[in-house]
Amino acid sequence: MSEFYEQVAIDLGERGYRIVIGDGLLMSANAFESSPSARTAVIVSNPQVASMYGVALRAALLGRFMQIHEVQLPDGEAHKNWQTLNLIFDALLQNNCDRKTVLFALGGGVIGDMTGFAAACYMRGVPFVQVPTTLLAQVDSSVGGKTAINHPMGKNMVGAFYQPQLVVCDLDVLDTLPLRELSAGLAEVIKYGPIYDMAFFDWLEQNIDALMARDRAALAHAVRRSCEIKAWVVGQDERESGLRAILNFGHTFGHAIEAGMGYGAWLHGEGVGAGMVMAAELSFRLGLVDASFVSRLKRLIERAGLPTRGPVLDAADNAGRYLELMRVDKKSEAGEIRFVVIDGPGKAAVRSAPDSLVREVIDACCA
Ligand code: NAD
Ligand code: GLY
C-alpha cells in the first residue's frame, strides 16, 4: 500500500462500502483488498483512460481474478446512452460472464454512471467497483450509487440506485487530467460548502489556487472532505426521498444547460458552475441570502476557472427554453420545477418558485 492513504466509510448496512483515497493506489493490489473476488473481472473504460491506466489496474487485479476482460466505450458525455450501454452487455455475454463477475469502472463520471447501470441490470445485478479517474468522479459521481444514462429530452433520466462495493481514488491520476476537467470537478467540490459546510467553503477560498495548481495535499483534503459530506448525506437518504436532493445544488439549471447545448458541449461541472450562480441568485431573490453571499460564491467559481453565466439556449425565448428543459428534471413534481436553494450559507432547501421570478434570474444570469 502507498505511504499515504485514507478511508471514508459509507454507512449503508449490508450495502455499505469504503472509499480509499491516496497516492499510487492503482498500482497497489492492497487498495483492492476489500473488492469482491471472483473468477472473472471486466474493466470498463474508454480508449483515453485505458491507454494510461488500464495496464496498472489489470496488474493490481491479477491476483484476485483468473481472467480479466476489458471493454472500451467511446469517450464522452455524447455517448452516455443506450447504444453505448449495450456495448457493455455485448462484451459480458460474448465472454460468458456469470452473475459473480465483477465490473470495474475505470474512468470519469460517464464511465462510472454507465458501468454502474450495466452492473445493476446484467443478470439482475452483478458487483461493481468504482475506480474514478477524474476529480469530479472522485468527489461525487463514484460515491452514492446513482447510475444512469441520458435521454435526448433529459439528463440522467434512465437509471438505477445501485451501490458499488468499493471506491478507489488514486490522486496520482489527477496529474494527467486536462485543466478544463479539473475545473469541472471543482464545481462539485465547491457545492458542498454552501449546502452543508461553510468552514470548508472558507478553506476553498484560501486554497483554490493550490487546487488549480494540483497541490497534492490540497487535493487530498478536498477529495476526503467532499467524500465525507457525500457519505453522510447518502447514509441519511440513499434514495433521495428528501435530504439527498441538496447535492443537486446548481444542477437544475446545469442539466438544462447540458441538454440544451447538446450533451458534451458544456461539461457537467461547467453547467453546475453557472447553475450554482443562478440558484444562488434565485435564493437571493427569494430573500434567503444576501447579495454579498452570491458575489462570494460567484468569485470562487470564477477562480476555479468555471463559467459564471449560463449560455443563451434560444435567442427568441431563452428563459422559456430553460423552463421547458427544467420541467423534465427528476425533482419536478406534477410539472412544477423544484430548485435547491441556499437558505442561509451552509444550509440548503428545496423550493418551487414562480416562473416570473425564475425568468428574471435567467435573464440576469445568461450571456
Ligand atoms: P467524463 O467521464 O466525461 O471524463 C472527462 C474526460 O476526462 C473524458 O474525456 C475522459 O476520458 C477524461 N479522463 C478521465 N480521467 C482522466 C485522467 N486521469 N487523465 C486524463 N483524462 C482523463 O466526465 P466527468 O466530469 O468525470 O463526469 C461527468 C459525468 O458524471 C456526467 O455524466 C454527470 O452526469 C455524472 N455525474 C454523476 C453523478 C452521480 O452521482 N452518479 C454525480 C455527478 C456527476
Ligand atoms: N450527485 C448528486 C447525488 O449523488 O445525489
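The values are calculated or read from the model by the stated rules, or taken from the named source; none is laboratory data. Remember, predicted model here, so these are calculated numbers, not experimental data. Note that we place each Cβ from the backbone using ideal geometry, even for glycine, and neighbour counts take in every protein chain shown.
Of GLY264, GLY310, which residue is crowded, with 24+ Cβ neighbours inside 10 Å and either in contact (Cβ under 8 Å) with a residue 24 or more places away in the chain or not polar (S, T, N, Q) (or both)? So that I can check it myself, show each step before the final result.
On the way: GLY264 fails: crowded, with 24+ Cβ neighbours inside 10 Å.
Sole residue among the options that is crowded, with 24+ Cβ neighbours inside 10 Å and either in contact (Cβ under 8 Å) with a residue 24 or more places away in the chain or not polar (S, T, N, Q) (or both): GLY310.
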Inset, instruction - Quickly run through segment 262-292 and pick out the residues that are within 14 Å of ligand 1 (Cβ to nearest atom) and either among the aliphatic types (A, V, I, L, M) or closer than 16 Å to LEU357 by Cα (or both). - result: ALA265, LEU267, VAL272, GLY275, MET276
Inset, instruction - For segment 40-60, state whether one or more residues are at pLDDT 95 or above, aromatic (Phe, Trp, Tyr) and more than 22 Å from GLU188 (Cβ to Cβ). - result: no
Legend entry - Close pairs (6 angstrom Cβ cut-off, 6 or more residues apart or separate chains): under 16 Å from TYR122 (Cα atoms) in segment 145-165, small (Gly, Ala, Ser) and part of a loop (DSSP other than H, G, I, E, B) anywhere: PHE161/GLY145; TYR162/GLY145; GLN163/GLY145
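Yes/no per residue for (1) within 19 Å of TYR17 (Cα to Cα); (2) surrounded by fewer than 21 Cβ atoms within 10 Å (Cβ to Cβ); (3) among the hydrophobic types (A, V, I, L, M, F, W, C):
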| position | (1), (2), (3) |
| --- | --- |
| VAL71 | no, no, yes |
| PRO74 | no, yes, no |
| HIS79 | no, yes, no |
| GLN83 | no, yes, no |
| LEU87 | no, yes, yes |
| LYS100 | yes, yes, no |
| MET123 | no, yes, yes |
| PHE128 | yes, no, yes |
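Output the residues belonging to segment 42-60 that are closer than 15 Å to THR115 by Cβ and either within 11 Å of ligand 1 (Cβ to nearest atom) or more than 23 Å from the chain's Cα centre (by Cα) (or both). Spell out the reasoning first.
In the first step, residues of segment 42-60 are kept if they are closer than 15 Å to THR115 by Cβ; the result is 42-46, 49-50, 53-54, 57.
Result: SER45, ASN46, VAL49, ALA50, TYR53.
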Legend entry - GLU258 vs. criteria out of contact with any helix residue (DSSP H, G or I) (no Cβ under 8 Å at 6 or more places or on another chain), within 12 Å of ligand 1 (Cβ to nearest atom) and under 20 Å from VAL328 (Cβ atoms): no
Inset, instruction - Answer yes or no as to whether VAL129 is within 16 Å of ligand 1 (Cβ to nearest atom), assigned to a strand (DSSP E or B), touching a residue at least 24 places away in the same chain (Cβ under 8 Å) and farther than 28 Å from MET153 by Cβ. - result: yes
Inset, instruction - Could you name every one of the strands (runs of 3 or more DSSP E) located completely within segment 10-102 that has at least 1 residues being touching a residue at least 40 places away in the same chain (Cβ under 8 Å)? - result: 17-22, 40-45
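Here is a check on your reading of the model: is PRO178 more than 7 Å from ligand 1 (Cβ to nearest atom), under 25 Å from PRO307 (Cα atoms) and modelled with pLDDT of 95 or more? Reasoning before the result, please.
Numbers: more than 7 Å from ligand 1 (Cβ to nearest atom): no; under 25 Å from PRO307 (Cα atoms): yes; modelled with pLDDT of 95 or more: yes.
Considered against the rule, which asks whether it is more than 7 Å from ligand 1 (Cβ to nearest atom), under 25 Å from PRO307 (Cα atoms) and modelled with pLDDT of 95 or more, PRO178 comes out as no.
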